[in-house]
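I have placed the structure first, in the form of structure tokens, so that the comments after it can refer back to it.
The values are calculated or read from the model by the stated rules, or taken from the named source; none is laboratory data. This is a predicted model, so every value here is computed, not measured. Virtual Cβ from ideal backbone geometry, glycine too; neighbours counted across all protein chains shown. All accessible areas refer to the heavy atoms of the entire protein, side chains included, with ligands and DNA or RNA removed. Shrake-Rupley method; radii C 1.70, N 1.55, O 1.52, S 1.80 Å.
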Amino acid sequence: MPALTPDTIRTATETLSLLTDYLRESPDPEEALALVEPLLDEYTGLPVQLADTLRALARAVQDHPDTPHTPEVGLLIRELRTAAWEQADQHTLHYVLDGLRGLYGSAVATEPGCG
């Protein structure tokens, strides 16, 4: 695995920005769902990954020997962990995809000549 750098992470966020721009162009719903689906996967999607990343950052800061153990630092670490929980709660967005797939599938099934 190549070393992580701020540039590799920026590339990932730029890819998300490109996806957002693409979705604003009103693509075919089936294609849009296929592109977004990996982001909202219940186990590996963005909410879960971001939550894990925030918890890991909190742990790295807390465990580093040069980190001062002050109330201010403790508050920052708690805020990271709170944000991680809030992100983890968003893992249920994969259910939204299930609903959209059902909606899209229902719309296709009701078109004339389908069935």
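Listed values, structure above:
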{"read-out": "Options 97, 57, 103, 80; residue that is over 13 Å from the mean Cα position of the chain (by Cα) and in contact (Cβ under 8 Å) with a residue 60 or more places away in the chain", "value": "97"}
{"read-out": "Sole residue being under 30 Å from residue 103 (Cα atoms), acidic (Asp, Glu), within 13 Å of the chain's Cα centre (by Cα) and not in a loop (DSSP other than H, G, I, E, B), chosen from 31, 42, 37", "value": "37"}
{"read-out": "Verdict on residue 111 being part of a helix (DSSP H, G or I), at pLDDT below 95 and open to solvent by 60 Å² or more (accessible area, probe 1.4 Å)", "value": "no"}
{"read-out": "Test: residue in segment 70-89 that is open to solvent by less than 90 Å² (accessible area, probe 1.4 Å), at pLDDT 95 or above and either among the aromatic types (Phe, Trp, Tyr) or not in a helix (DSSP H, G or I) (or both)", "value": "yes"}
